[in-house]
Structures are given as structure tokens and as C-alpha cells.
Amino acid sequence: MRRLKVSAIGLLITLIAVGSYGILHAAPLDDLIAGAKKEGAIDFYAPSSLTPQGAEEMVAAFNKKYGLKTNLRFHPSGSMTREVGKLVGMAATGVPPEWDLMVVTDAHHGTLWLRKLLVPFDYKSVGLDANLVHYDGGTVSFANQTVLPAYNKQTLPAKDVPKKWEDLLDPKWKGGKLGVSSASHHFARLAVGPWGEEKTTNYVKGIASQKPILGRLAEVYNRLLLGEISIAVTLTDSNISEAKEAGAPVVFAEDVQPVVSPAYHAGVLKGAPHPKTAHLLAVFLTSPEAQKIWEKHNGHASAFIPGSSTYKFFQGKQALFMKQDQAQKVDKLGRQYGKILGFEGG
């Protein structure tokens, strides 16, 4: 047992390193493998940053590990907020989901969990550490994002790089110089963390008064890349990884703290036609093979596995990791902040 102390607003995380993905218990795992062999396919919704190539690598490793011939249909994300809302609407009218396994952030899965749209499973029975299992067995956490303000180092002078979140309220950023994405749950995490609701709500109103350019994360990133905005109020490490790979000058304002860290969770959807395969793939995503593929294409892995780039980045930083009992408030405030910022429907 190893302990990782992240200076994360009173959070002490206990983890089992390397072996945390455990000795898989044969009988329950064999049942999932047998079921997956019968199902033969899976519809997999995941971030577009995984790419079709990454999805192919993932299913090839999955099939090799478990002796399967699963046909994986990859459904890349567009707007997670919009597509989770679509799923909720479909469920309300009795329409089954389009996907079996959905990889979205912990906040988005909180929305699904609150509406009882996730299929729980005893993941501990197949050897997963309890720290990786969330939402009453409805999801598996397997990767952590880094979320911070970002800028184009070719267009923004070093003296103007923000040192703290509040620097973005400076009047000099008024009038379309900031970019804000529809991932308004980023702000809600500050509200359930060290800032509290009042300070965060006032902050979001202050950002809205700056008249920022709005868009999805990918759109905000592209505007920053093209010099159409000076600073993105939040971007993820997937965007920064994309920039690094392309040789683009978009980087994080790394002095800003606390660091917001949404987790990617995998959850099987209620009504999924291939549930055994979906649960098995959720388990596989925590394996060393899958972690390597995920980090290759998304630029991050788990913050709780020593040796990963994500683990190294968080050392000595204040980090915000959302807990299950904060999900309802993050869901509510995320929608509220989306409306304040000007996103239709919140």
C-alpha cells in the first residue's frame, strides 16, 4: 500500500500503486468474458481526442487480453454536455441509448447517476480497488484531466500571463479577449471546493461581464491557436497535448492554482444491448495496456498511478478532485453557470 498526499484542499488519497489494478478474481471476470464472447460487439462513446486509430488500438489490446473478437464501434464526443442532455431526454421517452459504454467526466456521469441511468456492477469483485469505483458501482474512474487557463505564448506577453484565476477579471481582458467553453462544470468544482458557492458565482458573473467568446472546448482552442482570443479561461490537457504534438504554441498558465481535475469515468448505460462487454471494457481501461494507449492519444492518465505524466504533474500542487457527494451540486451549478455565461439551456 502506498499513500499519495496531494495538497488538494484537505484531500488524502490512498492508492495501491501499480498493483492497484489488482489480481482479477476469476469467476466474476470469466462471466464477463463469456458474456462478451456471446455479444461480440460494443458501441463505445469516448472523447474525440482518442481518435479512431486510438479506438482501434484499444479494442485490439482488449481482444488480445481476453481472447475476444469484439467489434468496437467508436462514437467520438462532440459536446458532452449536449449529448448527456440528449441521453437524459431519450430515456425520459423510453428510447434506448445509442451507446453501451460512455466515457465522460465525473460531473457528466453525476448527471446520469442522479437520474438512475447507469447500470451498477460489483467492480471490486473483479479486483478493482475501491478508490476507482464511483457512483454506487455505476462508473470506473481511470484517467484525470488537468484544467487551467491557457494562452498562446507567441501572442501573449509574459507579463500578461495570469498567475491566479482572479487575474482574468482584469478589465484589460474585456470585449472578446477571453474564450470560455461550454464545460461550465469546471467552475462548479471551484464552488464545491475551496472557494464556496458565493465566491464562485460572483467570479462566473465577472467572467460573463468580460463579454468572452463562447464555444466548445475544441472551438475555444482553435480560436486561441489562431490568435482570435488572448486567453482561454479553461482548457484541458487534451488540448495542450494536441498543441504539443502539432508544435503549436498553446500552453497552460501553470502558476494558477488550484488545479481543477475532472476525472474520466466509464459507465454502462441503462438499456445498453451489450452490457457484459461494456463492463469488461470498463475494467480493461484501468489496465496498464489501456492506460498507455489512453495517455498516448489523450495526453493524460490516472493521477493516482506513480510514474504517469499526470501523477508527476500534480506533485506539490493544489488539486480539486470531485467526490460523489458533490455530484448533485456540481450538476446544478454547472447548468446555472452555463446560463450565466450565455450558453443556451445551461
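The gain in end-to-end length when the residue 73 to residue 163 segment is fully stretched comes to 28.1 nm, 0.36 nm per residue minus the alpha carbon separation.
Of 178, 101, 225, the residue with the greatest mean-square motion in the GNM of the chain, using alpha carbon springs below 10 Å, is 225. Summarising the amide proton neighbourhood of residue 143: residues at separation of 5 or more, or on other chains, whose placed amide H is nearer than 5 Å comprise 264.
Would you please name the chymotrypsin sites (Phe, Trp or Tyr not before Pro) within segment 34-125 that are DSSP coil residues with at most 16 other C-beta atoms within 10 Å of their C-beta? Within segment 34-125, no chymotrypsin sites (Phe, Trp or Tyr not before Pro) qualify (loop, at most 16 other Cβ atoms within 10 Å). Only aspartates and glutamates eight or more places from residue 292 in sequence, or on another chain, were considered; those with a Cα closer than 12 Å are 57. For the chain, what log10 I(q)/I(0) values come out of the Debye formula at q = 0.08, 0.11 1/Å, with one point per alpha carbon and no solvent? At q = 0.08, 0.11 Å⁻¹ the computed log10 ratios are -0.37, -0.70. Looking at segment 84-234, the DSSP beta bridges with both ends there are about 45 percent antiparallel.
For q values of 0.13, 0.24, 0.26 Å⁻¹, compute log₁₀ I(q)/I(0) with the Debye formula on a Cα-only model of segment 46-132, without solvent. Normalising to I(0) and taking log10 leaves -0.55, -1.27, -1.28. Cross-link partners for residue 205 among the lysines, with Cα-Cα distance under 24 Å and sequence neighbours closer than 8 places in the same chain left out: 163, 164, 172, 174, 177, 329, 332, 339.
Ligands, DNA and RNA left out, the 1.4 Å accessible surface of segment 181-332 is 49% carbon and sulfur atoms. Springs between Cα atoms under 10 Å define the GNM used for the chain, and in it the highest mean-square fluctuation of 183, 46, 60 occurs at 60. Of the accessible area of segment 41-171, computed with a 1.4 Å probe over protein heavy atoms only, carbon and sulfur atoms account for 56 percent.
Between 309, 261, 181, the GNM of the chain built on Cα springs shorter than 10 angstrom shows 309 fluctuating the most. How about segment 295-346: which chymotrypsin sites (Phe, Trp or Tyr not before Pro) there are in a DSSP loop, with at most 15 other Cβ atoms within 10 Å of their Cβ? Nothing satisfies the criteria.
Compactness ratio for segment 136-268: Cα radius of gyration over 2.2 N^0.38 Å (N = residue count) comes to 1.05.
Across the protein chains, with a 1.4 Å probe defining accessible surface, the residues 111, 81 rank 81, 111 from largest area downward. Under the convention that each Lys and Arg Cβ holds +1 and each Asp and Glu Cβ holds -1, the size of the dipole of the chain around its Cα centre is about 440 debye. Heavy atoms of the protein chains alone define the surface here; on that basis the chain has 42 Å² accessible area per residue at 1.4 Å probe size.
The values are calculated or read from the model by the stated rules, or taken from the named source; none is laboratory data. Source: prediction; values computed, not measured. Note: ideal-geometry Cβ built from the backbone for every residue, glycine included; neighbour counts use all protein chains shown. Note: accessible area is taken over every heavy atom of the protein model, side chains too, but ligands, DNA and RNA are not part of it. Shrake-Rupley method; radii C 1.70, N 1.55, O 1.52, S 1.80 Å.
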